[in-house]
Amino acid sequence: MMVGWIGATLLLFGWVLETSTTIKTESIDALNLKFVLLSLMGSTMLAAHSYNIGDGAFLFLNLSLAAIILVELGVYIYKSRVNL
């Protein structure tokens, strides 16, 4: 069980670093909207699955990833409108 929590923490740390770089540089050039949307849908569905099977680490990971992806999507939408 501890391995799941450690893995979730490491994966989230990577996503947080990537998202913070996107926010700091204010660059959406490297963001692929299809990847962001597919990741959001996948994380949301996996969160529902983890809830159904009662896996707390997996639920935490996927809900957190969905939140981080929503931040990236918000940056993408904001920067797209500003650059019009």
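Please verify whether L31 is surrounded by 13 or more Cβ atoms within 10 Å (Cβ to Cβ), in contact (Cβ under 8 Å) with a residue 40 or more places away in the chain and not in a helix (DSSP H, G or I), treating the condition exactly as stated.
yes
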- [ ] Determine whether G56 is surrounded by 14 or more Cβ atoms within 10 Å (Cβ to Cβ) and over 28 Å from Y78 (Cβ atoms).
- [x] no
- [ ] Evaluate the following for L46: is it free of Cβ contacts under 8 Å to residues at least 60 places away in the same chain, assigned to a helix (DSSP H, G or I) and within 13 Å of the chain's Cα centre (by Cα)?
- [x] yes
- [ ] Considering each residue of the range 1-28, count those that are within 15 Å of S80 (Cα to Cα) and either free of Cβ contacts under 8 Å to residues at least 12 places away in the same chain or not charged (D, E, K, R) (or both), and give that number.
- [x] 5
Open item on the list: Just to be sure before I move on: is Y76 closer than 20 Å to K24 by Cα and surrounded by 12 or more Cβ atoms within 10 Å (Cβ to Cβ) in the structure I sent?
Closed with: yes
Task: Residues of the range 26-42 that turn out to be under 18 Å from I77 (Cβ atoms), at pLDDT 80 or above and not hydrophobic (A, V, I, L, M, F, W, C), as a count - done: 2
- [ ] Any chance you could count how many residues in the range 52-84 are at pLDDT 90 or above and outside any helix (DSSP H, G or I)?
- [x] 2
TODO: Working only within the range 22-36, note down all residues that are among the aliphatic types (A, V, I, L, M) and more than 10 Å from the chain's Cα centre (by Cα).
DONE: I23, I28, A30, L31, L33
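The values are calculated or read from the model by the stated rules, or taken from the named source; none is laboratory data. Everything numeric here is computed off the predicted structure, so don't read it as measured data. Note: ideal-geometry Cβ built from the backbone for every residue, glycine included; neighbour counts use all protein chains shown.
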